[in-house]
Amino acid sequence: MIEIIETPKGPSLDEYAASIHLANAVDELRDTAYSIVPKFAGRTLWMVNSTAKGGGVAEMLPRQVGIFDELGIETRWAVIGTHRKELFDLTKRLHNLLHGAGEPVMTDADRALYELVSRELQAEFQPMLGPDDVLMIHDPQPAGMGALIKRELDLPGVWRCHIGLDEDLPQTRAGWNFLRPYVSAYDRAVFTAPEYIPDFLADRADLVRPALDPYSAKNRQLRVPEVVEILGRSGLMIPTWRLLKPPFSHPAERLQADGTFGPATEPEDLGILYRPIVMEVSRWDRLKGWAPLVEGFATLKRSIPSVTDVDHRKVLEDVALLLVGPEPAAVSDDPEAVDVLNELTSIYRSLPRELQRDIALLSLPMTDSRENALMVNALQTAASVVVQNSVREGFGLTATEPMWKGTPVLVSSACGLRQQVRPGIEGEMIRNADDPDEIAAALDRLLRDPDRRATMARNAQRRVREEFLVFTQVRNDLRVLERALG
Ligand code: UDP
């Protein structure tokens with residue numbers, strides 16, 4: 001099945017350029033586009049991926065499509081699907097292999113299934129294409145279909161890979177061996193980090209960083225009253241004034257001592273706007289380093305009796321840790337996420353009572369993606385430190401987002417996070433995400449020194465403005481597409 005997705009009309013480039021922080025990036029984009037866009041006359045650019053909702057790619061595509069269109073390149077977004085459910089198991093295994101996980105085998109039967117689905121999709125998609133159209137195919141799922149079409153119609157084509165690992169393992173080799181015949185067909189292959197490029201694609205590889213839309217619900221700058229309003233309407237805070245707008249359709253919830261989820265303001269208000277808040281927002285994935293973060297935070301709290309500086313001692317007494325992720329109902333079909341959530345629940349229940357008061361596991365409803373984005377935005381804005389303690393991370397928009405908001409970050413040294421943060425410059429870095437003592441020491445350093453925190457946060461914001469906004473991404477994509485056109 002091929003579904004064409006209509007993207008909502010977002011802000012225009014002029015509206016972005018009205019912000020003094022963005023004007024430069026928009027100008028640079030227009031400069032680059034000036035010479036490249038005419039080469040697209042009479043061609044449609046097709047963005048193809050495998051999901052319209054959920055995940056980083058689906059999050060980034062609508063704005064990219066909108067900007068390409070405004071620049072004068074007719075752009076369409078196609079999402080592939082299949083009734084052959086066995087394909088999901090195959091692509092999930094392939095995805096894990098490219099991240100270095102799982103049994104390092106792909107069978108002949110796997111290949112036969114992948115090629116069968118690729119041919120079925122080709123039959124449906126090819127008739128929609130014009131003779132001069134251009135393909136930009138995202139990730140492994142549609143790569144086979146794109147390769148067949150590219151060979152048959154001889155269209156310019158780019159394969160954009162959003163995943164990768166900075167290690168050569170039997171798993172990654174098995175994954176790349178499987179994909180090699182398809183992804184070798186493209187003119188260019190695009191990666192997030194140089195470490196992810198397999199040797200056989202080195203001659204045609206380009207680097208483009210993921211990016212965020214500075215005006216989206218998740219990343220637009222919130223004014224203080226808006227933060228207060230969102231925290232009140234989402235049930236993350238007891239409002240001290242009546243709410244002028246109705247509560248969100250689904251409130252955030254908080255894990256209670258008995259293992260059930262209840263209101264986020266029970267057993268008591270979290271004091272989000274009044275206390276130092278350390279927070280990680282992510283999917284319930286073991287590779288996000290949740291358990292060591294809880295242990296590191298507990299270690300930090302245990303250090304209080306030995307702290308002599310009175311002011312710092314107050315900070316450590318008051319600091320709270322928020323573990324924030326999607327509501328259980330949204331992950332019920334993901335056995336790994338259910339396991340991780342259960343694991344964290346039992347870790348939480350085994351904590352001493354006073355630590356349970358300072359640590360909250362928050363579940364954010366996913367039914368309304370705008371409300372979800374606003375909650376994430378308000379929390380990232382209000383936090384004193386956002387942590388991303390990933391054991392592995394392809395890029396980590398959960399670090400980019402607080403960096404953009406001027407919130408100090410503490411990240412692990414996973415490859416994707418190293419692309420964004422230089423230790424001591426854009427944020428603090430933990431070398432070993434599994435070491436609670438190192439996490440506690442890094443949190444202690446950050447919480448002790450507000451000036452250093454502020455300097456790093458400013459550097460981080462500048463880094464995002466210069467490198468990780470959608471304008472830079474589209475500009476780099478344009479250069480890649482120009483190369484693909486030859
Ligand atoms: N996210 C969210 N709600 C949640 C948890 C995560 O909106 O409860 C978002 C987060 O803000 C980010 C994305 O999901 O935009 C995760 O992207 P990232 O690149 O950090 O990691 P991935 O999930 O792709 O491994």
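The values are calculated or read from the model by the stated rules, or taken from the named source; none is laboratory data. Model, not experiment: these values are computed from the prediction. Note that we place each Cβ from the backbone using ideal geometry, even for glycine, and neighbour counts take in every protein chain shown.
For the structure I just gave you, tell me whether Asp269 is on the phi < 0 side of the Ramachandran plot, more than 14 Å from the ligand (Cβ to nearest atom) and either among the hydrophobic types (A, V, I, L, M, F, W, C) or modelled with pLDDT of 95 or more (or both). Yes: the conditions hold for Asp269. Tally up the residues in the stretch 332-362 that are assigned to a helix (DSSP H, G or I) and in contact with a Leu (Cβ under 7 Å, 6 or more places away or on another chain), please. Here the count works out to 4. For the stretch 154-197, taking the residues that are part of a strand (DSSP E or B) and under 18 Å from the mean Cα position of the chain (by Cα), the one that is nearest to Tyr114 (Cα to Cα) is identified as Arg160. As an exercise: evaluate Leu323 against (1) in a loop (DSSP other than H, G, I, E, B); (2) surrounded by 20 or more Cβ atoms within 10 Å (Cβ to Cβ) and give the number of the one condition it does not meet. So Leu323 meets the others, but not (1). Taking the criterion of being within 10 Å of the ligand (Cβ to nearest atom), part of a loop (DSSP other than H, G, I, E, B) and out of contact with any Phe, Trp or Tyr (no Cβ under 9 Å at 6 or more places or on another chain), the residues of the stretch 365-394 that qualify are Met366, Ser390, Arg392, Glu393.
Here's the yes/no breakdown for (1) away from the ligand (no atom under 14 Å from the Cβ); (2) within 14 Å of Ala382 (Cβ to Cβ); (3) at pLDDT below 95; (4) not in a loop (DSSP other than H, G, I, E, B):
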site: Pro210; (1), (2), (3), (4): no, no, no, no
site: Pro239; (1), (2), (3), (4): yes, no, no, no
site: Arg254; (1), (2), (3), (4): no, no, no, yes
site: Gly259; (1), (2), (3), (4): yes, no, no, no
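The lone criterion from (1) surrounded by fewer than 21 Cβ atoms within 10 Å (Cβ to Cβ); (2) in a helix (DSSP H, G or I); (3) within 16 Å of the ligand (Cβ to nearest atom); (4) touching a residue at least 40 places away in the same chain (Cβ under 8 Å) left unmet by Ala52 is number (2). Just to be sure, is Gly416 at pLDDT below 95, of a type outside the set (Asp, Glu) and near the ligand (Cβ under 10 Å from one of its atoms)? So Gly416 fails the test. Can we say Gln126 is more than 28 Å from the chain's Cα centre (by Cα) and under 21 Å from Trp46 (Cβ atoms)? Criteria met by Gln126.
Every condition in (1) out of contact with any Lys or Arg (no Cβ under 7 Å at 6 or more places or on another chain); (2) assigned to a loop (DSSP other than H, G, I, E, B); (3) within 16 Å of the ligand (Cβ to nearest atom); (4) closer than 30 Å to Ser249 by Cα is met by Ala217 except one, and the failing one is (1). Is it true that some residue in the stretch 428-444 is buried (at least 22 other Cβ atoms within 10 Å of the Cβ), in contact with a Lys or Arg (Cβ under 6 Å, 6 or more places away or on another chain) and not aromatic (Phe, Trp, Tyr)? No - not one qualifying residue is present in the stretch 428-444. Touching a Lys or Arg at 6+ places or on another chain (Cβ under 8 Å) and closer than 29 Å to Leu478 by Cβ: does that describe Glu70? When the stated conditions are applied, Glu70 does not pass them. When residues in the stretch 350-364 are screened for being more than 9 Å from the ligand (Cβ to nearest atom) and either of a type in the set (Gly, Ala, Ser) or over 19 Å from Gly296 (Cβ atoms) (or both), 3 of them pass.
Filtering the stretch 395-427 to residues that are hydroxyl-bearing (Ser, Thr, Tyr), crowded, with 24+ Cβ neighbours inside 10 Å and not in a helix (DSSP H, G or I) leaves only Ser412.
The rows are residues; the columns are (1) within 16 Å of the ligand (Cβ to nearest atom); (2) surrounded by 19 or more Cβ atoms within 10 Å (Cβ to Cβ); (3) without any contact (Cβ under 8 Å) to a residue 40 or more places away in the chain.
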{"position": "Val281", "(1), (2), (3)": "yes, yes, no"}
{"position": "Ala291", "(1), (2), (3)": "no, no, no"}
{"position": "Asp311", "(1), (2), (3)": "no, no, yes"}
{"position": "Pro328", "(1), (2), (3)": "yes, no, no"}
